[in-house]
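Just below is one structure, and these are the notes that go with it.
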Amino acid sequence: MSPKVLILMGSDSDWEVMAESRKALEEMGVETEVHVSSAHRTPSRTGALAREAAGRGIQVVICGAGAAAHLAGVVAAETELPVLGVPLASSDLAGLDALLATAQMPGGVPVGTLAVGKAGARNAGLLAARILALSDPALAGRVREQRARMAREVEAKDAALQVRLQADKTA
């Protein structure tokens, strides 16, 4: 099976967070391709990865970057594929700079912006799976099951809380 999602990050130090995207996609049975490529330090390489992605079967690109966070925007300028940006908290501004840089794209260069950090990285993986599921009925079923499993987990936590609350009343 060939990779359907390309995960890019500006630095290898971003992997701890961006691994959450890959983990979410692996849970859904979606193959990924992962690279370190910087919008600023390796612009030619980054552009080539973006331009050539569709030809390799990639259907969605996830980009994680901190500070100036131009990676997702550079990639979106080089491809027609959906690009999801994950702002990373790698500067003294705790990710606010990356969030603003990722979200404030000029008209005509869309980037879907997720939350800062690990939750955003996980959600980028889940959103990529939902995008792919539009044309993949088996993946759509796995997405539905993941959502149902999440709901069951919340219901189980509520049931446990109700037991504790009831025990507190009788104590």
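Just so it is clear, none of the values below were taken in a lab; they were calculated from the coordinates. Computed from a predicted model, the values in this text were never measured in an experiment. All Cβ positions, even for glycine, are placed from backbone atoms using ideal geometry, and neighbour counts span all protein chains on display.
Of the residues Lys4, Lys118, Lys23, Lys157, the one with the fewest other Cβ atoms within 10 Å heads the list, and the complete ranking is Lys157, Lys23, Lys118, Lys4. In this structure, the amide hydrogen of Ala89, modeled 1.01 Å from its nitrogen in the peptide plane, lies closer than 5 angstrom to those of Gly117, counting only residues at least 5 positions away or on a different chain.
Cβ-Cβ distance of His35 and Val109, R₀ of 22 Å, FRET efficiency by 1/(1 + (r/R0)^6): the value works out to about 0.60. Taken about its Cα centre, the chain carries a charge dipole of about 380 debye when Lys and Arg each add +1 at the Cβ and Asp and Glu each add -1 at the Cβ.
Note: relative contact order over the chain, using C-alpha pairs below 8 Å and six or more positions apart, is 22 percent. Between the stretch 123-171 and the stretch 87-115, the alpha-carbon centres lie 28 Å apart.
On a C-alpha basis, how far is the centre of the stretch 31-51 from the centre of the stretch 8-29 in Å? Whole number, if you could? Centre-to-centre (Cα) distance: 15 Å.
Output the Kirkwood hydrodynamic radius of the chain, Cα pairs only, in Å rounded to one decimal. Kirkwood hydrodynamic radius for the chain: 16.8 Å.
What helices does the chain hold that run 30 Å or longer along their axis, going by alpha-carbon atoms, with a Kyte-Doolittle average of -1.0 or more, using DSSP H for the helix calls? Correct list, ordered by number: 137-170.
Summing Lys and Arg as +1 and Asp and Glu as -1 over all other residues whose Cβ lies under 14 Å from the Cβ of Val74 gives a net charge of +2.
Scoring 142-152, 90-100, 67-77, 12-22 by mean Cβ neighbours within 10 Å over their residues and listing the highest first yields 67-77, 12-22, 90-100, 142-152. Only helices enter this figure: runs of n ≥ 4 DSSP H residues, each worth -39500 (n - 2.57), summed and divided by the residues of the chain, yield -17000 deg cm²/dmol at 222 nm to the nearest 500.
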